Amino acid sequence: MKILQLKDPPKNTDKVTLQIKQLEDELNLIKSNQEKEIEDLQTSLNNIKSDSIPYGSLEEELKVLFPDLVKFGISKAIESDFDTELDTLNVLLLNWSEEALKKKRKELEDEESKLKAFIEAKLDKGAFKIIRY
């Protein structure tokens, strides 16, 4: 094997070095932008996961634990008292059977309290406000 060494570097070395530096800078910028985009997508995915609710398994459990419950819904709502800032609430919508509505008010409120505690423990999303419909 024969190794050749140049005594005088090519005349366009500075130009080539500059082009290489520019390409490396562009590559680093592209990598940085991709990393930022990946972080943003990861954050979005985490937000979606944290907002998701396992309705299928929750529905089955609620049917067994609260047979008088006809329908339920879970949502977020924005509340304002007109004096302070807006507040985001977790809302639990409950629709009870006619039989359940005929129970004494205290009995129904006890059932709602149990259901609320169950949902809060199961979903780990903070406190819920109940709305009967």
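The values are calculated or read from the model by the stated rules, or taken from the named source; none is laboratory data. This one's a predicted model, so the numbers in the text were calculated from it and none came from an experiment. Here the Cβ positions follow ideal geometry from the backbone for every residue, glycine too, while neighbour counts run over all protein chains shown.
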Flag for Asn28 being surrounded by 10 or more Cβ atoms within 10 Å (Cβ to Cβ), within 35 Å of the chain's Cα centre (by Cα), in a helix (DSSP H, G or I) and at pLDDT below 90: no
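Matching residues to (1) farther than 14 Å from Ile119 by Cβ; (2) among the aliphatic types (A, V, I, L, M):
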position: Gly56; (1), (2): yes, no
position: Glu59; (1), (2): no, no
position: Phe66; (1), (2): no, no
position: Phe72; (1), (2): no, no
position: Ile78; (1), (2): yes, yes
position: Asp81; (1), (2): yes, no
position: Glu85; (1), (2): yes, no
position: Leu89; (1), (2): no, yes
position: Glu99; (1), (2): yes, no
Residues that are surrounded by fewer than 10 Cβ atoms within 10 Å (Cβ to Cβ) and either in contact (Cβ under 8 Å) with a residue 12 or more places away in the chain or assigned to a helix (DSSP H, G or I) (or both), drawn from the range 108-124: Ala121
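Residues of the range 47-72 being aliphatic (A, V, I, L, M) and touching a residue at least 24 places away in the same chain (Cβ under 8 Å), which ones? Let's see the steps before the verdict.
First, the residues of the range 47-72 that are aliphatic (A, V, I, L, M): 48, 53, 58, 62, 64-65, 69-70.
Within the range 47-72, Ile53, Leu58, Leu62, Leu65, Leu69, Val70 qualify.
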Selection count, the range 59-81, where residues are at pLDDT 90 or above and assigned to a loop (DSSP other than H, G, I, E, B): 4
Unmet requirement for Ala100, which otherwise passes all of (1) over 15 Å from Lys122 (Cα atoms); (2) assigned to a helix (DSSP H, G or I); (3) free of Cβ contacts under 8 Å to residues at least 24 places away in the same chain: (3)
